[in-house]
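This is the structure I have questions about; it appears just below.
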């Protein structure tokens, strides 16, 4: 139901002059979807209050409730053959549309919703998040008739049962993933879900931990950590789930994030709300603008889960916030994550694989800091194509703060296929890594070694004499020399001859 609705909405938005790419489709679908979700949430709350004999006060005033402006219904009495009277609910075809609808949305609805940011009791309420969302967004759907079609499609969706919410949240993630195909930098916001799931499993947060992502993007790490904690608790309790106190801890005092870009920030908030976290603690700010010297114990977190942007550059004034100066965004983020972890805190951070071996002064100094202040116990080396369209190879660093690194276990993910948009990473690809990593941490020598994994003594292999280089080749993997066929060699010679002929022709034309 959700998948087909999303496809239909994309077709409608494709016709609208105000929406030019997948990024716009996601943004505009998001705010309409959110208001329908909010309406269903309010109805659930009202029903729960009624069952306990309490009165529920709605968040949204009557004029701006979904059933009054977006999808008003007519209720008609219907007489059955047996004489009983039932109520039939029909769509009111006199609902706002065209210019009347866009005028209401742009000049009344959005200004009304923005005010929630000022009137909310505190920042950890859904009221405040409503105000934040509609302060950042604007309606880009220019045709009121297209907007009416989008609203009608979304009104058909239900978010009342757990199964419905689960399906919708995962399809919303798929839409976020598709932003990577839209050009600009949409792909920045999405880390493959199987990789996130694996990182969360290995870091293994527990209820009561404060979990942080300083490059939150679409909040994939925080959403997955929320699902992990809910499901792990249910498994421990034999399916009974969370207590009231634990639910409150997860809702209000567990997940924290920061995001610089407006669209990613809004999508991150909505992704978490749609996954079940009603008032995400996500702040719209440049994480790297925070001076590391100002971070105090009260600002620190138990767990860091993150994939900072690859290849970004920061201005000189931002670099002044860090003891090790560099323009490379990911290197600044890694300094930030090390500093903001509590003693004993755990982290899983994705970074370019060149971090392991680059010899520039900044990277060497950061590697030294990491190895001396943290236990870098695991490095997961990922194949090219893991991040669709990124064009870089990456590794995941797993570390705990407080003790220097003695030994590091490496796992190189070698697959028998090329990864790409039509052949993405899946959880089965990472299953061996998860199992062997448990053995590696158990301390039993050699049990986690395989054709793809090995351990090194960091004190021996990584020191000032070799720039704390961590790029160790797999000693267990046999080098396979592939002999080319005569046909392949001849084809390559032919291609090189053609290329040489083209070059010579170009030179001749210049003469």
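Among the residues in region 290-301, are any assigned to a loop (DSSP other than H, G, I, E, B), in contact with a helix residue (DSSP H, G or I) (Cβ under 7 Å, 6 or more places away or on another chain) and crowded, with 21+ Cβ neighbours inside 10 Å?
Within region 290-301, none of the residues are assigned to a loop (DSSP other than H, G, I, E, B), in contact with a helix residue (DSSP H, G or I) (Cβ under 7 Å, 6 or more places away or on another chain) and crowded, with 21+ Cβ neighbours inside 10 Å.
Is there a residue in region 101-124 that is touching a strand residue (DSSP E or B) at 6+ places or on another chain (Cβ under 9 Å), in the same structural domain as residue 68 (by TED's automatic domain parsing) and not in a loop (DSSP other than H, G, I, E, B)?
No, that holds for no residue.
On the basis of being in contact (Cβ under 8 Å) with a residue 40 or more places away in the chain, crowded, with 21+ Cβ neighbours inside 10 Å and not assigned by TED's automatic domain parsing to the domain that holds residue 27, does residue 344 make the cut?
no
Going residue by residue through region 443-458, is there one that turns out to be out of contact with any helix residue (DSSP H, G or I) (no Cβ under 6 Å at 6 or more places or on another chain), within 18 Å of residue 199 (Cα to Cα), at pLDDT below 90 and not in a strand (DSSP E or B)?
No; the residues of region 443-458 include none that is out of contact with any helix residue (DSSP H, G or I) (no Cβ under 6 Å at 6 or more places or on another chain), within 18 Å of residue 199 (Cα to Cα), at pLDDT below 90 and not in a strand (DSSP E or B).
Any residue in region 344-351 that is touching a helix residue (DSSP H, G or I) at 6+ places or on another chain (Cβ under 6 Å) and assigned to a helix (DSSP H, G or I)?
no
It is to be established whether one or more residues within region 261-283 are touching a strand residue (DSSP E or B) at 6+ places or on another chain (Cβ under 7 Å), free of Cβ contacts under 8 Å to residues at least 40 places away in the same chain and over 23 Å from residue 345 (Cα atoms).
no
While we're here: If a residue has to be at pLDDT 90 or above and surrounded by 16 or more Cβ atoms within 10 Å (Cβ to Cβ) to count, how many in region 231-248 make the cut?
The qualifying residues number 1.
Right, another one. Condition test on residue 386, is it in the same structural domain as residue 454 (by TED's automatic domain parsing) and in contact (Cβ under 8 Å) with a residue 40 or more places away in the chain?
Considered against the rule, which asks whether it is in the same structural domain as residue 454 (by TED's automatic domain parsing) and in contact (Cβ under 8 Å) with a residue 40 or more places away in the chain, residue 386 comes out as yes.
If we keep just the residues of region 258-289 that are in a strand (DSSP E or B) and out of contact with any helix residue (DSSP H, G or I) (no Cβ under 6 Å at 6 or more places or on another chain), which is surrounded by the fewest Cβ atoms within 10 Å (Cβ to Cβ)?
283
Of these, 151, 141, which one is in a loop (DSSP other than H, G, I, E, B) and either more than 21 Å from the chain's Cα centre (by Cα) or modelled with pLDDT of 80 or more (or both)?
Just one listed residue meets the conditions, 141.
Right, something else. Test residue 472 against the criterion of being in the same structural domain as residue 370 (by TED's automatic domain parsing), surrounded by 16 or more Cβ atoms within 10 Å (Cβ to Cβ) and touching a helix residue (DSSP H, G or I) at 6+ places or on another chain (Cβ under 7 Å), and give yes or no.
The answer is no for residue 472.
Quick check, is residue 427 assigned by TED's automatic domain parsing to the domain that holds residue 339, more than 23 Å from residue 365 (Cα to Cα) and modelled with pLDDT of 85 or more?
Yes.
The values are calculated or read from the model by the stated rules, or taken from the named source; none is laboratory data. Just so it is clear, the model here is predicted, and its values are computed rather than measured. Glycine gets a Cβ as well: all are built from the backbone with ideal geometry, and neighbour counts include every protein chain shown.
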